[in-house]
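K.L.:
Sending over a structure as structure tokens; questions will come in a sec.
The values are calculated or read from the model by the stated rules, or taken from the named source; none is laboratory data. Only a predicted model underlies this, so the values are computations on that prediction, with no experimental measurement involved. Here the Cβ positions follow ideal geometry from the backbone for every residue, glycine too, while neighbour counts run over all protein chains shown.
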Amino acid sequence: MNDNRLHVLQMLAAGQVSAEEADHLIAALDKQPTAPATAARTAEVTAGNPRYLRIFVEEHETSGDAPTKVNIRVPLQLLRAGVRLASLIPNGAKDQINEALRKNGVPIDVTQLKPEDLDELVVHLADLTIDVEEKDTKVRIFAE
Amino acid sequence: MIPCLAIVRVGGHHRRTIRLWLPLFLLWPLMLPFAAVLAVVGLVLAPAYGVTAADVLRTAWQLVSGWRGMHFEVDSPEGAFQVRFI
């Protein structure tokens, strides 16, 4: 039983409202979800489908000047489009790309990139927050 | 939805700030002929590479519309630069 409903029943017990008025009040409370529940539900829906990748970088200068700040917001739709673009690359070209990446020390297999995997990754990004804090530098990466 | 406006801000802490609103919605119609040519080329070459024309068009649309909401900002003691695609 939530607090609002209990308060209405207490008012009814104290005779401050009639039974009919208490019934109207409880009906009105049942129609409208409580603010924390609404906010929680919104957060839950938003968390399940993040739309942007946010990157914050703040670097403090040793000379005492104002810090350098970088703020980047990348739509995840653009990342999805990039993965789809990779799926359109012919297989022969993908092999050449993989070879070039390997030579440069990047162990990524372009042939394994699939849009479905990215969608699943994006959903889990909602729970991911990366905070790196060093002496003069702060980096924060998260999805929203 | 493709981005319709780009806002560019250049300035600094001790400098005048210049803010530009670039109407991309005027630019897209000018790009239509080039987009049409690229679309035809893509549709012709797609089957040769084992992809469907629908995939090509969908990917192209997502690449263009994915820029909406992009926000890039750098703020340093020497100056500030900001780009937003709306």
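K.L.:
Tell me, which residue of the range B:55-70 that is more than 8 Å from chain A (Cβ to nearest Cβ) and surrounded by 15 or more Cβ atoms within 10 Å (Cβ to Cβ) is farthest from A:LEU88 (Cα to Cα)? Quick ask: steps written out before the conclusion?
P.N.:
Initially, the range B:55-70 is screened for residues more than 8 Å from chain A (Cβ to nearest Cβ), giving B:57, B:60-61, B:64.
So of that shortlist, the ones also surrounded by 15 or more Cβ atoms within 10 Å (Cβ to Cβ) come out as B:60, B:64.
On the way: B:ALA60: 11, B:VAL64: 16 Å.
Of everything passing the filter in the range B:55-70, B:VAL64 is farthest from A:LEU88 (Cα to Cα).
K.L.:
What about B:ILE86, is it of a type in the set (Val, Ile, Thr) and within 13 Å of chain A (Cβ to nearest Cβ)?
P.N.:
Values: of a type in the set (Val, Ile, Thr): yes; within 13 Å of chain A (Cβ to nearest Cβ): yes.
Answer is yes for this residue.
K.L.:
Determine, yes or no, whether A:VAL106 is at pLDDT below 75 and more than 14 Å from chain B (Cβ to nearest Cβ). Spell out how you get there, then give the answer.
P.N.:
Working: at pLDDT below 75: no; more than 14 Å from chain B (Cβ to nearest Cβ): yes.
The answer is no for A:VAL106.
K.L.:
Report yes if some residue within the range B:44-54 is β-branched (Val, Ile, Thr), at pLDDT 85 or above, in a helix (DSSP H, G or I) and surrounded by fewer than 16 Cβ atoms within 10 Å (Cβ to Cβ); otherwise report no. Reasoning before the result, please.
P.N.:
Going through the range B:44-54, the residues β-branched (Val, Ile, Thr) turn out to be B:44, B:51-52.
Retained after the next criterion (residues that are at pLDDT 85 or above): none.
No, there is no match, as no residue in the range B:44-54 is β-branched (Val, Ile, Thr), at pLDDT 85 or above, in a helix (DSSP H, G or I) and surrounded by fewer than 16 Cβ atoms within 10 Å (Cβ to Cβ).
K.L.:
Here is a follow-up. Consider A:MET11 against the criteria (1) facing another protein chain (nearest Cβ under 9 Å); (2) surrounded by fewer than 16 Cβ atoms within 10 Å (Cβ to Cβ); (3) at pLDDT 75 or above: it satisfies all of them except one. Which criterion is unmet?
P.N.:
Every listed condition holds for A:MET11 apart from (1).
K.L.:
Of everything in the range A:54-113, what is free of Cβ contacts under 8 Å to residues at least 12 places away in the same chain and touching a helix residue (DSSP H, G or I) at 6+ places or on another chain (Cβ under 7 Å)? Give them in sequence order.
P.N.:
Answer for the range A:54-113, where residues must be free of Cβ contacts under 8 Å to residues at least 12 places away in the same chain and touching a helix residue (DSSP H, G or I) at 6+ places or on another chain (Cβ under 7 Å): A:ALA81, A:LEU85, A:LEU88, A:PRO90, A:ILE108, A:ASP109.
K.L.:
Here are A:LEU125, A:LEU53, A:LEU118: which of them is more than 10 Å from chain B (Cβ to nearest Cβ) and touching a Pro at 6+ places or on another chain (Cβ under 7 Å)? First the steps, then the outcome.
P.N.:
Values: A:LEU53 fails: touching a Pro at 6+ places or on another chain (Cβ under 7 Å); A:LEU118 fails: touching a Pro at 6+ places or on another chain (Cβ under 7 Å).
Criteria check complete, one pass: A:LEU125.
K.L.:
Please name all residue pairs, on different chains or six or more residues apart, with Cβ atoms under 9 Å, provided the first residue is in the range B:27-40 and is hydroxyl-bearing (Ser, Thr, Tyr) and the second residue is part of a helix (DSSP H, G or I) and surrounded by 10 or more Cβ atoms within 10 Å (Cβ to Cβ).
P.N.:
none
K.L.:
Same structure, new question: Of all residues in the range A:101-143 being under 26 Å from the mean Cα position of the chain (by Cα) and of a type in the set (Gly, Ala, Ser), which is farthest from A:ARG73 (Cα to Cα)?
P.N.:
Per the criteria, the residue is A:ALA126.
K.L.:
Now for a different question. Name the single residue, out of those in the range B:71-83 being within 9 Å of another protein chain (Cβ to nearest Cβ), touching a residue at least 24 places away in the same chain (Cβ under 8 Å) and in a loop (DSSP other than H, G, I, E, B), that is farthest from A:THR68 (Cα to Cα).
P.N.:
So the residue we want is B:GLU78.
K.L.:
In the range B:1-38, which residues are within 14 Å of chain A (Cβ to nearest Cβ), within 20 Å of B:LEU57 (Cα to Cα) and surrounded by 12 or more Cβ atoms within 10 Å (Cβ to Cβ)?
P.N.:
B:ILE2, B:PRO3, B:LEU38, listed by residue number.
K.L.:
In the range A:86-141, which residues are in contact with a strand residue (DSSP E or B) (Cβ under 8 Å, 6 or more places away or on another chain), surrounded by 11 or more Cβ atoms within 10 Å (Cβ to Cβ) and not in a loop (DSSP other than H, G, I, E, B)?
P.N.:
A:VAL122, A:LEU125, A:THR129, A:THR137, A:LYS138, A:VAL139, A:ARG140, A:ILE141
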